[in-house]
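Undergrad: First the structure, then my questions, so here it is.
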Amino acid sequence: MHRLAVSVFCALISPASDALWNNPYPESQAKENVLYSSFSERPKHLDPVRSYSAGEYAFIAQIYEPPLQYHFLQRPYVLVPLTAVNMPRVTYIGADGEILAGDAPVTDIAFSEYEIRIQPGIRYQPHPALARNEHGEYIYHALSPAQIKQVHELGDFKHTGSRELTAMDYMYQIKRMANPRLHSPIAGVMAQYIVGFSELSERLETAQADLEDGAYLDLRRFRIAGVTIVDRYTYRIRIHGKYPQFLYWQAMPFFAPLPWEAERFYAQPGLRDKNITLDWYPIGTGPFMLTENNPNLRMVLARNPNFHGEKFPDVGEMGGHEDMLLADNGRPMPFLDRAVYSLEKESIPRWNKFLQGFYDNSGLTSDSFDQAIQFNPQGDATLTAQMGERGVRLSTAVATSIYYMGFNYLHPVLGGGSERARNLRHAISIAVDFEEFISIFRNGRGIAAHGPIPPGIFGHRQGQAGINPYVYDWVDGRARRKPLAVAKKLLREAGYANGIDNTTGKPLALHFEAIGSGPDEKARLNWMRKQFRKLGIQLIVRATDYNRFRDKMLKGKGEIFLWGWNADYPDPENFLFLLYGPNSKAKNNGENASNYARPEFDRLFAQMKNMDNGIERMRLIDEMVTIARRDAPWMWGFHPQDFSLHHAWVRNTKPNLMANNTLKYVRIDPELRAAKRGLWNQPVLWPLVLAGALLAISLIPAFVSFRRRERSTAL
Amino acid sequence: MTAYIVRRLLYAIPILIGVNLLTFVLFFVINTPDDIARSQLGDRRVTAAAIDTWKRAHGYQKPLIYNENAQGLGKLTDTVLFNKSVRLFAFDFGRSDSGRDIGYDIGQRMWPSLAIAVPTLIVGILVNITFALLIALFRGTYIDFWGVVLCVILLSVSSLFYIIGGQYLLSKLFHLVPISGYDTGINATKFLILPVIVGVISGVGSGTRWYRTLFLEEIGKDYVRTARAKGLSEHVVLFRHVLRNALIPLLTGIVVVLPLLFMGSLIVESFFGVPGLGSYTIDGIQRQDFAIVRSMVFLGSVLYIIGLLLTDISYTLVDPRVRLR
């Protein structure tokens, strides 16, 4: 009896089998070649004409294939062909239709024509929209109500089909971009460039006037003047003028191909009522396809059996063969069979699951930062001992982004090009210590900006040549913020000695347009007030929600604000246009939120934006940055630094901030993962037994007293 | 009783109109149709023309509440309010601003909410009754005193603490259950254990205190004294007499929350990654998706009204003295 009790107790406090009780995935998947990751926000759209956010690109960039892509390893970022055979051939055309030389002056170029030839033999993923019967008829293009009733998700269709990718599919997608009913966010930009884009939009608008929302319109019937099919695999896009950045757009899902059959299939009445739409069920030629689409729970990408094949790059970061990552050089991709993304809205469970080995990679939040990262005496971020023991690896990269603090150039005190206003802005720029901001609020994840162009983008200068001389001095081989005395002197020269307005005798009060007022934000706002107080300036915070903030910006009513920009493509034009006068947010609803306007800068921008990278372009950029630094429409803020953690079993995780289709490069070691998970997640049962025992023991005296009371007499 | 039910259902119509109007006003005080369009189209490179096109396509180009340019009744019906609200009364929730069918999403997402809410309610009631009876049984002893102290402590703690504490202890430290996630069918069980435990423990303080009060109130009544005078043991008195009579207020309190179980829990679903209706509502608010917000508020109101009606009906079932006219 005694032996039996001991056995039961031992069974209770030791795990019954090798199965991990806290494993959120089926045990059968433990050693499968599957990547496990998370997403924090449900994607809004998975239609490549509409998607325009990193969260959405994480999925669709693995499925849809535009003609170009960014080289995975090489830096600075380089475009290379994806489905294209070669890089597009560009022809410049004059106003009379004559072909111009490659180095023709920009002013002579009326049109640029990009000829893109795609590889033959590329096939779409298996999809019911492409399923055909023995007579060649599409099986699911005329579904009956009874058929639709039986369908709840795309996988319920028994048959699937595929077909070869053709140039027509790229043209079809460009027409979709022009369709006003699809609300492509870049339709406005493309209308400025692609010949015939606006006209097509108007014709489509008219053609759909009497059609119900979601009804099928065969775009093949409509012509777009600027896009022509040369042959089955070649197409040309003609754009107005010269716009070298157009190539970068060719690496974005907006320009990925789409078969007309997909639109025809999804437009059938009844499917939409079950949320089976092109916006939720992509169809592409890429290495993966979406096999489970529950954006409220889980998204699963599985290897596309029809993928045309691609090999791991054989050229490293510096364009040579020295890179450690080249171990997989020449191996066929993708390496993974599947990738499972679970919706994880809260950072605490996400982080703990990473520590338990149930997520293969993780970002870093403030909550988990100290647990994962420490700084060595040189100031470099390294992993803590705990992370090191687990074999976790850290990847860091300065983002191609900028967070800046803007001054409204239209504001009577802060704005304008006068010496007084410039001195005031420079004084504030010196006083607001962004190095401190990065240290306190971003755990050191960022570098102070000296101008609008982030590192890694053509036009950015490193070292002494790259410092902002109005805010920094070059001391002992590094940039050092000017002393506060310089700021005070500038403030005095601006007519606000010690923060007092010379003309009125009143303290200078400025307004900061803040978004949100939560506890985290409060600390930041207090810090901001403190920075201005160094100069005696009163900073009044106007906290509001993002809608009101945006409204103020659109109306040009803001004063000082913090905003950011993430690069669409790695070109200086994509940052300098944020200061281009005609892009003023208040005047023209553009992206120049500070409404900065300087004719000299605008003239140089117009000259620079269509140039190819080279010495002359660099010279113009230097000039523009110098003007902008002198005028200081922004405190240049900082460029954020992305930190990501990967477990030891994850390989090929080099950060590439421009490319979104990086899942195909990732390789994992499932055996190592299973072993580590087993080691880290053994169930611990003794606390439960102990708690039960304590509860029982605590009840014994009460039970005894109850029994005594029950058995006692009334008197 | 039928006349009473019909009358209550008719009363519900103006209430629902009022709730809908209030939701509409509150939402549009904070968000303009332009804001909604921008939230759907994104902030980058969006032109004014694109915003107008989106608004036209989604019916937000009309005046919000009153259309001065329309004729007759059209002044009220040719508005965003009317067009977005009228179909709700036929339970046609329409499409979200991002294009998904709301009715379909609600149908899909109510099951995970119920999967947590129903066991939490049942287990919670059983645990609360057990503890309350235990405390009532041991009234006047150290168990009563420390039990009440413990209840007060438990009900003073934020539910967020229970969630994070539960995840830390049971999942992170003891590795007994997954920290978050969900699955369908029987596979959902392992994901439900932690949220149900957390839900039960977070409600045990207030629940036990309330039930204890009910039981103690009953214990002081004449019929209990009579039962004791008959020589019945204390546990027979408690279980056979006190519990049965205390069930009347208990039952009516439970019936009112039954329909609301569909709506899920905002925080629990968010922290445990459960794709229920609670997180659906939060998503709608965060995305400024008016279609989802109005649908969920409307649904919540309808369910609450049904809950109150069921409560009234349940009175007649558990207490024969009550008659509904």
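FYI, it's all coordinate maths here, none of it is from the lab. Just so it is clear, the structure is predicted and the values come from calculations on it, not from any experiment. When we count neighbours, we look across all protein chains shown, and the Cβ atoms used for this are built from the backbone with ideal geometry, even at glycine.
Undergrad: Among the GluC sites (Glu not before Pro) within region A:315-413, which fall in a DSSP loop and have no more than 13 other Cβ atoms within 10 Å of their own Cβ?
TA: The qualifying sites are A:Glu322.
Undergrad: Just checking the output field for B:43-54: average partner chain Cβ neighbours within 10 Å of each residue's Cβ?
TA: On the way: counts 7, 9, 10, 7, 9, 4, 6, 7, 2, 1, 7, 3.
Other-chain Cβ atoms within 10 Å of each residue's Cβ, averaged: 6.
Undergrad: Continuing with this model, one more query. Assigning unit charges at the beta carbon (Lys, Arg +1; Asp, Glu -1) and nothing else, what dipole magnitude in debye, to the nearest 20, does the protein assembly as shown show about its Cα centre? Please report the intermediate quantities before stating the final value.
TA: On the way: 113 positive and 96 negative charges, 677 e Å.
Using Cβ point charges on Lys, Arg, Asp and Glu, the protein assembly as shown gives about 3260 debye.
Undergrad: Could you list which residues have their amide H under 5 Å from that of A:Arg542, counting only those 5 or more apart in sequence or on another chain, with H placed in the peptide plane?
TA: A:Phe512, A:Glu513, A:Ala514
Undergrad: When Lys and Arg each count +1 and Asp and Glu each count -1, what net charge do the other residues less than 15 Å away from A:Tyr92, Cβ to Cβ, add up to?
TA: Overall, the nearby charge balance is -3.
Undergrad: For chain B, set up a Gaussian network in which alpha carbons nearer than 10 Å are linked by springs, and say which option among B:Gly18, B:Gly203, B:Gly264 fluctuates the most.
TA: B:Gly18
Undergrad: Calculated FRET efficiency, A:Gln150 and A:Ala19, Cβ-Cβ r, R0 25 Å, to nearest 0.05?
TA: E(calc), rounded to 0.05, equals 0.10.
Undergrad: Can you give the extra length, in nm with one decimal, that the chain gains between A:His308 and A:Asp103 once fully stretched, where that is 0.36 nm per residue apart less the Cα-Cα distance?
TA: Extra length available between A:His308 and A:Asp103 comes to 70.2 nm.
Undergrad: At A:Ser366 and B:Ser158, where each label point lies 7 Å from the Cα along Cα→Cβ, what is the point-to-point distance in nanometres?
TA: Here the answer is 1.4 nm between the modelled labels.
Undergrad: Under the Karplus relation 6.51 cos²θ - 1.76 cosθ + 1.60, θ = phi - 60°, what is the ordered set of whole-Hz ³J(HN,Hα) values for region B:264-280, x standing for Gly and Pro?
TA: Per residue, the Karplus-derived 3J(HN,Hα) values read x, 10, 5, 6, 4, 5, 5, 6, 9, x, 9, x, x, 6, x, 6, 5 Hz.
Undergrad: Another one. Given R₀ = 51 Å, FRET efficiency for A:Asn566-A:Leu679 by Cβ-Cβ distance, to 0.05? Display every interim value, and only then the final one.
TA: Working: r = 39 Å, r/R0 = 0.76.
Calculated transfer efficiency: 0.85.
Undergrad: Is the C-alpha gyration tensor of chain A telling us rounded, prolate or oblate? Criteria: a/c under 1.5 is rounded; beyond that, a/b larger than b/c is prolate, otherwise oblate.
TA: oblate
Undergrad: Can you put B:Lys230, A:Lys31 in order, fewest other beta carbons within 10 Å first?
TA: Going from sparsest to densest Cβ surroundings: B:Lys230, A:Lys31.
Undergrad: Would you mind ranking A:Met658, B:Met1, A:Met168 so that the residue whose beta carbon has the fewest other beta carbons within 10 Å leads the list?
TA: Least to most surrounded, the residues fall as B:Met1, A:Met168, A:Met658.
Undergrad: Express in whole angstrom the spacing between the alpha-carbon centres of region B:86-118 and region A:515-555.
TA: Region B:86-118 and region A:515-555 have Cα centres separated by 38 Å.
Undergrad: Ok, one more. Let me check I've understood the local charge: for B:Gly147, count other residues with C-beta under 10 angstrom from its C-beta, Lys and Arg +1, Asp and Glu -1. What total comes out?
TA: Numbers: positive: B:Arg139, B:Arg209, B:Arg212; negative: B:Asp144.
Around B:Gly147, the charge tally is +2.
Undergrad: Still on this structure: When a footprinting reagent is the concern and you count Cβ atoms within 10 Å, what order do B:Ile193, B:Ile15, A:Ile428 take, fewest first? Before the final figure, lay out the partial values.
TA: Values: B:Ile193 16, B:Ile15 13, A:Ile428 26.
Ordered by Cβ neighbours within 10 Å, fewest first: B:Ile15, B:Ile193, A:Ile428.
Undergrad: Just add up the charged neighbours of A:Thr396: K/R +1, D/E -1, any other residue whose Cβ is under 9 Å from the Cβ of A:Thr396.
TA: Net local charge, A:Thr396 excluded: 0.
Undergrad: Would you be so kind as to identify which of A:Pro633, A:Leu508, A:Met608 lies farthest towards the positive end of the dipole of region A:505-636, taking Lys and Arg as +1 and Asp and Glu as -1 on Cβ and the Cα centre as origin?
TA: A:Leu508
Undergrad: Related question: Taking R0 as 22 Å, what FRET efficiency do you get between A:Ile615 and A:Val80 from their Cβ-Cβ distance, rounded to the nearest 0.05?
TA: Calculated value: 0.35.
Undergrad: Can you tell me how much longer the chain between A:Gln374 and A:Asp213 gets when fully stretched, taken as 0.36 nm per residue apart minus their C-alpha distance, in nm with one decimal?
TA: 52.5 nm
Undergrad: Then there is this: Projected onto the charge dipole of the protein assembly as shown (+1 at Lys/Arg Cβ, -1 at Asp/Glu Cβ, origin at the Cα centre), which of B:Val149, B:Ile13, A:Thr285 gives the Cα projection farthest towards the positive end?
TA: Towards the positive end, the residue furthest out is B:Val149.
Undergrad: A:Arg603 versus B:Lys221, label points 7 Å from Cα toward the beta carbon: distance in nm?
TA: Each label point lies 7 Å from its Cα, and together they span 9.5 nm.
Undergrad: May I pose another question? Residue by residue through region A:115-121, which ³J(HN,Hα) values in whole Hz follow from phi under the Karplus form 6.51 cos²θ - 1.76 cosθ + 1.60 (θ = phi - 60°), with glycine and proline marked x?
TA: Values per residue, Gly and Pro as x: 9, 10, 10, 9, 6, x, x Hz.
Undergrad: Along the Cα-to-C-beta direction of A:Arg232, a point sits 7 Å from the Cα; which residues of region A:58-82 have their amide N less than 17 Å from that point?
TA: Residues passing the 17 Å test: none.
Undergrad: Hey, how many Å between the Cα centroid of region A:627-679 and the Cα centroid of region A:121-142?
TA: 38 Å
Undergrad: Using label points projected 7 Å from each Cα along Cα→Cβ, tell me how many nm separate A:Asp273 and B:Arg139, to one decimal.
TA: 5.8 nm
Undergrad: How big is the gap, in Å, between the Cα center of region A:455-485 and the Cα center of region A:185-221?
TA: Distance between centres, Cα-based: 48 Å.
Undergrad: Using alpha carbon coordinates only, what is the Rg to Rh ratio of chain B, with Rh defined as the Kirkwood radius?
TA: Numbers: Rg = 24.8 Å, Rh = 23.2 Å.
For chain B, the value is 1.07.
Undergrad: Identify, among A:Ala523, B:Val236, B:Met1, the residue whose Cα sits farthest towards the positive end of the charge dipole of the protein assembly as shown, taking +1 on the Cβ of Lys and Arg and -1 on the Cβ of Asp and Glu, with the dipole about the Cα centre.
TA: The Cα lying farthest towards the positive end belongs to B:Val236.
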